[in-house]
Every structure is written in C-alpha cells, then in structure tokens.
Amino acid sequence: DWYSRELAIRLPDFTRVDKFWERGETPHLDHLEEAGFHAMPFYDMKPGDGILFRVLSKTVNHCGVYVGGGNVLHHIPGRLSRVDQLDGQWLERIDRIVRYIK
C-alpha cells in the first residue's frame, strides 16, 4: 500500500502459502527483479527502500519499507501496520535492502 499511496507504484501480489518459510520457499527473493526491485548496500538505504527480514527463520519471511529516521513501516500478521525503530533485534534480522528501479 505504501508504494501505491506514496509513489503511485502498483506492485504485483504474488501467490504464497502460509508459513512458506517452513517449507524452504522464498517468494520475496524469487520475485524481486520481476517486481522491479534490486539489492542495494545497507549503507545506502534511503526512504522508500524495502527491507527483507528473517524473523525466526533461516529464509526471508518478512518485509517492510524504510521510511527514514531509522524507522521501518511493516505489518505483522494479526496486528495493524506500524512503524518501528530499526534497532536491536530488527537490525539483526535484516537479510537485505532492496530498491525499486524499473
């Protein structure tokens, strides 16, 4: 929703099953370039970049949008979307930073 609202970019909604990471599936990574995203260095993170996380998993299973000021907008299932500070455990869970370039 953030990309649509803030940048007028409509991202594809790829099919995925619940707990895909437990099956070793990686839909976030499998469709990155198809959706227009490319990996970026962490030190170059800018507002609007995507952040891919590994939350209690060996594979990427969560994502958010960097909104600046050291904050990430994300949605945890069963909760409302929220902005969290990228520190402590969130920093440790980052797998990669991606930027929309299409």
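The values are calculated or read from the model by the stated rules, or taken from the named source; none is laboratory data. The shown structure was predicted, so the numbers you read here are calculated from the model rather than taken from an experiment. With ideal geometry, Cβ positions are generated from the backbone for all residues, glycine too; neighbour counts draw on all protein chains shown. These accessible areas exclude ligands, DNA and RNA; they are computed on the full protein's heavy atoms, side chains included. Shrake-Rupley method; radii C 1.70, N 1.55, O 1.52, S 1.80 Å.
Tabulated data for the structure shown
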{"read-out": "Sulfur and carbon atoms: percent of accessible area, the range 3-102 [1.4 Å]", "value": "50"}
{"read-out": "Ser57 - accessible surface, heavy atoms, 1.4 Å probe, Å² rounded to 10", "value": "30"}
{"read-out": "Cross-link reach list, lysines versus Lys19, counting only Cα pairs under 23 Å and skipping chain neighbours closer than eight places", "value": "Lys58"}
{"read-out": "Phi to ³J(HN,Hα) by Karplus 6.51 cos²θ - 1.76 cosθ + 1.60 over the range 38-53, Hz, x for Gly, Pro", "value": "9, 5, 10, x, 4, 5, 9, 4, 10, x, x, 6, x, 10, 9, 10"}
{"read-out": "Heavy-atom accessible area order for Lys102, Lys19, Lys58, largest first, 1.4 Å probe", "value": "Lys58, Lys102, Lys19"}
{"read-out": "Qualifying aspartates and glutamates (Cα of each under 19 Å from Cα of Lys46; at least 8 residues distant if same chain)", "value": "Asp1, Glu6, Glu33, Asp84, Asp87, Glu92, Asp95"}
{"read-out": "Choice from Gly78, Gly64, Gly50 showing the highest fluctuation, given a GNM over the chain with Cα pairs closer than 10 Å", "value": "Gly78"}
{"read-out": "Rounded if a/c under 1.5, otherwise prolate or oblate - the chain, Cα gyration tensor axes", "value": "rounded"}
{"read-out": "Whole-number accessible area per residue in Å² for the chain, which is evaluated in the context of all protein chains at 1.4 Å", "value": "67"}
{"read-out": "Qualifying GluC sites (Glu not before Pro) for the range 25-102 [loop in DSSP, other Cβ within 10 Å: at most 12]", "value": "Glu34"}
{"read-out": "Residue-by-residue Karplus 3J(HN,Hα) for the range 2-17, coefficients 6.51, -1.76, 1.60, Hz, glycine and proline x", "value": "4, 5, 5, 6, 8, 10, 6, 10, 9, 8, x, 10, 6, 5, 8, 9"}
{"read-out": "Area accessible to solvent at His75, 1.4 Å probe radius, in Å²", "value": "90"}
